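Reviewing the structure listed below.
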Amino acid sequence: MVKLYGFPTTTCTRFVALICREQNIPYELIHVNLAKGEHKQPAFTAIQPFGQVPYIDDEGFILYESRAIARYLIKKYPNQGTSLIPSDPKAEALFEQAASIEAFNFTAFVAPIIAEKVFKPYRGLQPNEELVSELFASLLPKLDAYDLILSKQKYLAGDSVTLADLAHLAYGTAFYELGVSFAEVFDSRPNFTRWWKDISSRPAWLAVKDGA
């Protein structure tokens, strides 16, 4: 069984748990207490030198970085669960294109907003609202481009869901739940919101949304 070392509500831990659920891969969550700084202790950084969660132990194979973990699990178990990375060269190229869109046109803006609005207050720090405003403004035209893409196809890489779509869920949900003004940027774009409702209602996500 895959051992998932992480904190149940962190974005990246839930992302890996989501992929396990989609692929029907049993996993055991090994709780890393972030509040006590367990992820910064020598025993942890000897395995994950950046002191970040999650990492997995798959029968002795250690891997960290959630995107790498997700790809590894999908490729190790290609014949079970949801097919999330295409094997056809052209379809795979479109998937890689969509994965780049997610990383550089969505998460690059949404993740630092969540860092300011959620993670900083959790640590007792004040968010940089000027930075949030700048990131928010930069995100809007990116979502317009999403809406255009999704007016022509069901998902980012075509008409089948892929890892690129699901990679939006953890940070996107946190963003959507920040308040009305944040949710509105999703809801005001009809093709985007149709896609968002589709991926955010998947049973695998609902199973881990509140904790891996």
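Summary of values
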quantity	calculated
Packing-based ranking, highest mean first, of 42-50, 7-15, 26-34 given that Cβ atoms within 10 Å are counted	7-15, 26-34, 42-50
Cα-based shape type of segment 80-138, given that a ≥ b ≥ c are square roots of the gyration tensor eigenvalues and the cut on a/c is 1.5	oblate
Accessible area in square angstrom per residue, segment 1-44, 1.4 angstrom probe	46
Within the chain, percent of DSSP bridges classed antiparallel, to nearest 5	60
Net charge, ARG71 excluded, C-beta distance under 14 Å - Lys, Arg +1, Asp, Glu -1	-3
Inter-probe distance in nm under a simple model that places probes 7 Å from Cα toward Cβ, at GLU129 and LEU178	1.3
Prolate/oblate/rounded label for segment 135-204 (Cα gyration tensor, a/c 1.5)	oblate
Extension gain, ALA93 back to GLN80 (0.36 nm per residue minus Cα-Cα distance, nm)	2.5 nm
Three-way shape label, segment 119-163, alpha-carbon gyration tensor, a/c 1.5	oblate
Solvent-accessible area, 1.4 Å probe, carbon plus sulfur percent, for the chain	55
Isotropic mean projected area of the C-alpha convex hull, segment 23-125 (nm²)	8.4
Sum of side-chain charges, ASP57 neighbourhood, beta-carbon under 13 Å (Lys, Arg +1; Asp, Glu -1)	-2
Taking all pairs of distinct alpha-carbon atoms in the chain, Kirkwood radius in angstrom	17.9
3J(HN,Hα) from dihedral phi, segment 140-152, Karplus parametrisation 6.51/-1.76/1.60, rounded to Hz, x for glycine, proline	4, x, 5, 6, 4, 5, 4, 4, 5, 4, 7, 6, 10
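The values are calculated or read from the model by the stated rules, or taken from the named source; none is laboratory data. Since the structure is predicted, the reported quantities are computational estimates derived from the model, not experimental observations. Because the Cβ atoms are built from the backbone with ideal geometry, glycine has one as well, and the counts that use them run over all protein chains shown. Just the protein is used for accessible areas: all its heavy atoms, side chains included, with ligands, DNA and RNA removed. Shrake-Rupley method; radii C 1.70, N 1.55, O 1.52, S 1.80 Å.
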